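A.B. asks: Attaching a single structure in structure tokens format; questions to follow.
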Amino acid sequence: MIRRIMIVEDEPLVAFDNEHLLEEAGYEVVATVGDAAGAFAVIAAEPLDLVLTDIALAGEGNGIDVARAARAKGVPVLFVTGNCSEEARALAIGCLAKPYSERTLKAALGAIERQLQGRPMKRPPAQLTLYEAAA
């Protein structure tokens with residue numbers, strides 16, 4: 001069950017909106033960080049159920065690097081980005097295309113949770129692409 005989420009987003013307004021939305025929806029936002037280095041520290045120190053990360057991040061490293069670190073710890077990753085690459089497909093459970101609404105993000109998390117639990121999939125949001133190989 002997805003409860004503890006880390007947000008990796010270098011745009012402060014998007015990060016704040018996601019954090020607020022997820023907390024209101026009942027998720028525990030363990031951390032909100034703006035770069036790969038901050039994400040690595042949280043992945044190493046905290047139990048997480050999901051990493052929500054953009055691919056393009058400020059500073060050294062990117063969301064692909066974050067996904068590799070999360071995957072090494074067995075933590076699923078959802079990319080939230082304007083452009084999902086082929087490399088992302090092998091590292092994440094899915095990709096949610098930006099921009100997205102509050103409703104779309106909640107629906108995407110529900111779809112991912114069902115996939116992780118092996119439950120039948122309801123119709124996922126149109127902006128969400130799920131990757132079975134990385135599940």
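A.B. asks: Over the chain, with a Gaussian network built from C-alpha contacts below 10 Å, which listed residue (Leu52, Leu78, Leu21) shows the highest mean-square fluctuation?
C.D. replies: Among Leu52, Leu78, Leu21, the largest mean-square fluctuation in the Gaussian network model of the chain belongs to Leu21.
A.B. asks: Determine the order of Phe16, Phe40 by accessible area, beginning with the largest, at a probe radius of 1.4 Å.
C.D. replies: So the residues, ranked largest to smallest area, are Phe16, Phe40.
A.B. asks: Continuing with the same structure: Add -39500 (n - 2.57) for each DSSP H run of 4 or more in the chain, then divide by its residues: what number comes out at 222 nm, to the nearest 500 deg cm²/dmol?
C.D. replies: Mean residue ellipticity, 222 nm, calculated: -12500 deg cm²/dmol.
A.B. asks: Given the options Glu86, Glu102, Glu28, state which has the largest fluctuation in a GNM of the chain using a 10 Å cut-off (strictly under) for Cα springs.
C.D. replies: Its mean-square fluctuation being the largest, the pick is Glu86.
A.B. asks: Oh, and also: Can you compute the charge dipole magnitude of the chain about its Cα centre, using +1 on each Lys and Arg Cβ and -1 on each Asp and Glu Cβ, nothing else charged? Give it in debye, rounded to the nearest 20.
C.D. replies: Approximately 760 debye in magnitude.
A.B. asks: What are the trypsin sites (Lys or Arg not before Pro) within segment 8-78 that DSSP puts in a loop, where the Cβ has at most 15 other Cβ atoms within 10 Å?
C.D. replies: Here the sparse-neighbourhood loop sites are Lys73.
A.B. asks: Compute the distance from the alpha-carbon center of segment 6-66 to that of segment 73-110, in whole Å.
C.D. replies: Using only Cα atoms to place each centre, the spacing works out to 12 Å.
A.B. asks: From zero outward in steps of 5 Å, how is the percent of C-alpha pairs of segment 1-45 spread across the bins?
C.D. replies: With 5 Å bins starting at 0, P(r) equals 5, 24, 31, 23, 14, 2.
A.B. asks: Taking a probe of 1.4 angstrom, what is the accessible area of Lys98 in Å², to the nearest 10?
C.D. replies: The value for Lys98 is about 60 Å².
A.B. asks: For Cys95, Cys84, give me the order by solvent-accessible area with a 1.4 Å probe, most accessible first, ignoring ligands, DNA and RNA.
C.D. replies: Order by accessible area, largest first: Cys84, Cys95.
A.B. asks: Using a Gaussian network model of the chain with C-alpha springs under 10 Å, which one of Leu57, Leu13, Leu22 is most mobile by mean-square fluctuation?
C.D. replies: Fluctuation is largest for Leu13.
A.B. asks: Taking the Cβ-Cβ separation of Ser101 and Glu46 as r and a Förster radius of 25 Å, what is the calculated FRET efficiency to the nearest 0.05?
C.D. replies: FRET efficiency, Ser101 to Glu46: 0.35.
A.B. asks: Report the relative contact order of the chain, percent, no decimals, based on alpha-carbon pairs under 8 angstrom and at least 6 residues apart.
C.D. replies: Normalised by residue count, the contact order of the chain is 20 percent.
A.B. asks: Okay, moving on. Got a sec? What order do Met1, Met6 fall in by accessible area at 1.4 Å, biggest, i.e. largest, first?
C.D. replies: Putting Met1, Met6 in descending order of accessible area: Met1, Met6.
A.B. asks: Kindly write out, for segment 94-111 in residue order, the coupling ³J(HN,Hα) from the Karplus curve 6.51 cos²θ - 1.76 cosθ + 1.60 (θ = phi - 60°), rounded to whole Hz, with x marking Gly and Pro.
C.D. replies: x, 9, 10, 6, 8, x, 9, 8, 4, 4, 5, 4, 4, 5, 5, 5, x, 5
A.B. asks: Let me ask something else about it. At 20 °C and 1.002 mPa s, what whole-number value in µm²/s does Stokes-Einstein give for the translational diffusion of the chain, with Rh from the Kirkwood sum over Cα pairs?
C.D. replies: 149 µm²/s
A.B. asks: Same structure again: Between Ala37 and Arg4, what FRET efficiency follows from the Cβ-Cβ distance if R0 is 25 Å, with the result rounded to 0.05?
C.D. replies: 0.80
The values are calculated or read from the model by the stated rules, or taken from the named source; none is laboratory data. For clarity, every value in this text was computed on a predicted model and none was experimentally measured. Every residue, glycine as well, gets a Cβ built from its backbone with ideal geometry; the counts of neighbours run over all protein chains shown. For accessibility, only protein heavy atoms count, side chains too; no ligands or nucleic acids. Shrake-Rupley method; radii C 1.70, N 1.55, O 1.52, S 1.80 Å.
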